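Asker: Structure incoming, see below.
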Amino acid sequence: MVRLHFTILLAVGVLAACSAPAPAPAPAPAAEAAPAPVTTAAAPDPYHPAPRDTVDAATYQGWKQYMLNCARCHGDEATGSTFGPSLVTSLGSTGEITTREKFVDVVQNGRKDKGMPTAAKMGLDSAYFNGLYAYLSGRGSGKFKGGRPARSEQPPVP
């Protein structure tokens, strides 16, 4: 019985010692004249780089649809992957898709022999075809760089 009381008393003592409040911090020394603030340029953020191009609202929507529906096969910057060819090359000056009509035909009908689904199967609305073509043909011509563009027209605030 004495041993039990001793064990309980020891446990209470250990808990009390562990839960003691931290000592109060010492007051800060009196500050002399504050030095002038040093301004440094912000380090670049590798995860959120600044946009390199500014595009109209329709082209921006085209970029968003590209990222949602096409980038998984053609790559984030439309330069191709192991699943899909480079659209920068295909829509470039030496590419096989030289007109908007050819582009729309490929997007609407897909390329079943190469594994590309139709726009309807991907859930891509034809309302975005013009913006999508503007973005990809701009990438093909070198007018736009890879990465997220900035939108020049902001939507109205409700």
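The values are calculated or read from the model by the stated rules, or taken from the named source; none is laboratory data. Quick caveat: nothing in here was measured; it's all calculated off a predicted structure. Heads up, the Cβs are rebuilt from the backbone with ideal geometry, glycines too, and the neighbour counts pull from every protein chain shown. Heavy atoms of the whole protein, side chains included, go into the accessibility calculation; ligands, DNA and RNA do not. Shrake-Rupley method; radii C 1.70, N 1.55, O 1.52, S 1.80 Å.
Asker: Tally time: how many residues in the range 56-105 are among the aliphatic types (A, V, I, L, M) and either farther than 13 Å from Gly138 by Cβ or under 17 Å from the mean Cα position of the chain (by Cα) (or both)? Before you say what the answer is, go through the steps one by one.
Answerer: Taking the range 56-105 as the starting set, the residues that turn out to be among the aliphatic types (A, V, I, L, M) are 57-58, 67-68, 71, 78, 87-88, 91, 97, 104.
Now narrow it down to the ones that are either farther than 13 Å from Gly138 by Cβ or under 17 Å from the mean Cα position of the chain (by Cα) (or both): 57, 67-68, 71, 78, 97, 104.
So the answer is 7.
Asker: Looking at Thr82, Thr89, which one is in a helix (DSSP H, G or I), of a type in the set (Val, Ile, Thr) and either open to solvent by 20 Å² or more (accessible area, probe 1.4 Å) or touching an Asp or Glu at 6+ places or on another chain (Cβ under 7 Å) (or both)?
Answerer: On the way: Thr82 fails: in a helix (DSSP H, G or I).
Thr89 is the lone residue from the list that is in a helix (DSSP H, G or I), of a type in the set (Val, Ile, Thr) and either open to solvent by 20 Å² or more (accessible area, probe 1.4 Å) or touching an Asp or Glu at 6+ places or on another chain (Cβ under 7 Å) (or both).
Asker: State all residues of the range 62-77 that are open to solvent by 30 Å² or more (accessible area, probe 1.4 Å), of a type outside the set (Asp, Glu) and in a loop (DSSP other than H, G, I, E, B); if no residue qualifies, say none.
Answerer: Hits for the range 62-77: nothing passes.
Asker: Which condition breaks for Thr94 when tested against (1) part of a loop (DSSP other than H, G, I, E, B); (2) open to solvent by 80 Å² or more (accessible area, probe 1.4 Å); (3) under 24 Å from Arg148 (Cα atoms)?
Answerer: Here Thr94 clears every test but (3).
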